[in-house]
1. Of all residues in segment 189-204, how many are assigned to a loop (DSSP other than H, G, I, E, B) and either among the charged types (D, E, K, R) or in contact (Cβ under 8 Å) with a residue 40 or more places away in the chain (or both)?
2. If I ask for residues that are over 23 Å from Cys161 (Cα atoms) and either in a loop (DSSP other than H, G, I, E, B) or among the aromatic types (Phe, Trp, Tyr) (or both), which ones from segment 97-113 would you list?
3. Condition (residue is under 16 Å from the mean Cα position of the chain (by Cα), open to solvent by 70 Å² or more (accessible area, probe 1.4 Å) and not hydroxyl-bearing (Ser, Thr, Tyr)) applied to segment 163-173: is it met by at least one residue?
4. Within segment 55-72, is even one residue hydrophobic (A, V, I, L, M, F, W, C), under 22 Å from Ala159 (Cα atoms), crowded, with 20+ Cβ neighbours inside 10 Å and modelled with pLDDT of 95 or more?
5. Return the residues of segment 120-146 that are free of Cβ contacts under 8 Å to residues at least 40 places away in the same chain and within 18 Å of Val201 (Cα to Cα); say none if nothing qualifies.
6. If you take the residues in segment 73-108 that are touching a residue at least 60 places away in the same chain (Cβ under 8 Å) and basic (Lys, Arg), which one is most open to solvent (accessible area, probe 1.4 Å)?
7. Out of (1) surrounded by fewer than 18 Cβ atoms within 10 Å (Cβ to Cβ); (2) under 24 Å from Asp85 (Cα atoms); (3) over 14 Å from the mean Cα position of the chain (by Cα), what's the single condition that is false for Pro117?
8. Can you tell me which of (1) of a type outside the set (Val, Ile, Thr); (2) in contact with a His (Cβ under 8 Å, 6 or more places away or on another chain); (3) crowded, with 20+ Cβ neighbours inside 10 Å; (4) closer than 21 Å to Pro47 by Cβ is the one Leu123 doesn't meet?
Amino acid sequence: MRRLPRHAALLLLTIAATIAGASLATSHAQEPAHGRLAGEIPATLHPAVARAEQGMNAMQAALLTRLRDQIASGGPASAVQVCRDEAQVITSRVAREQGIAMGRTSHALRNPANAAPAWAATLVRDTAGSTAATQGLRVFDLGDRVGVVRPIGFVDMCASCHGAPAALPPAIRDVLATSYPRDAAVGFAPGDLRGWMWAEVTKP
């Protein structure tokens, strides 16, 4: 077989790599905007999803424990200060311990630092106003990573800080106005979708 000149062989390799890269980008671009339900993903992603769930469980436990302790000792108004001053620190610590990226987000933010990652933004926006019971774990294939989101339901414990504005205790309204002048995270009722936990895990 006649060998191609070196420059021609390099050109063909470049074209092939470009086509392959374009195909991969197209594949990722076609990932559903709302991700996939856990039952719809290939088995190869299961370990990453399990690791993400483990991390989110740890984050949830750490945050709830701290909030419950603070409410018990200082009342609901003091819990706002924990969310303002400690929640991000706790989340970062647990993320480091788990070795993954994690956070919480919502369509109605209190802290701008909790804005959704780009890959989850459409889901967060489109599910605004729904109930937690109608949502479930969602998985996003991000190429070299896997993104996982899990709904956060509004429960009675949340009402004193995130319920109907007129029903919030005056002390909480005052601290919210001072701490979060652009607060949008009120007006929720039990059963509402309050937001999402998210995690990004590198593929094995």
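The values are calculated or read from the model by the stated rules, or taken from the named source; none is laboratory data. Note that the structure is a prediction, hence the values are computed from the model and not measured. Neighbour counts are summed over all protein chains in view; Cβ atoms, including those assigned to glycine, are modelled from backbone coordinates with ideal geometry. All accessible areas refer to the heavy atoms of the entire protein, side chains included, with ligands and DNA or RNA removed. Shrake-Rupley method; radii C 1.70, N 1.55, O 1.52, S 1.80 Å.
1. Total meeting the criteria: 3.
2. Gly99, Ile100
3. no
4. There is at least one residue in segment 55-72 that is hydrophobic (A, V, I, L, M, F, W, C), under 22 Å from Ala159 (Cα atoms), crowded, with 20+ Cβ neighbours inside 10 Å and modelled with pLDDT of 95 or more.
5. Scanning segment 120-146 gives a single hit, Ala121.
6. This residue is Arg84.
7. (3)
8. Checking Leu123 against (1) of a type outside the set (Val, Ile, Thr); (2) in contact with a His (Cβ under 8 Å, 6 or more places away or on another chain); (3) crowded, with 20+ Cβ neighbours inside 10 Å; (4) closer than 21 Å to Pro47 by Cβ, the one that fails is (4).
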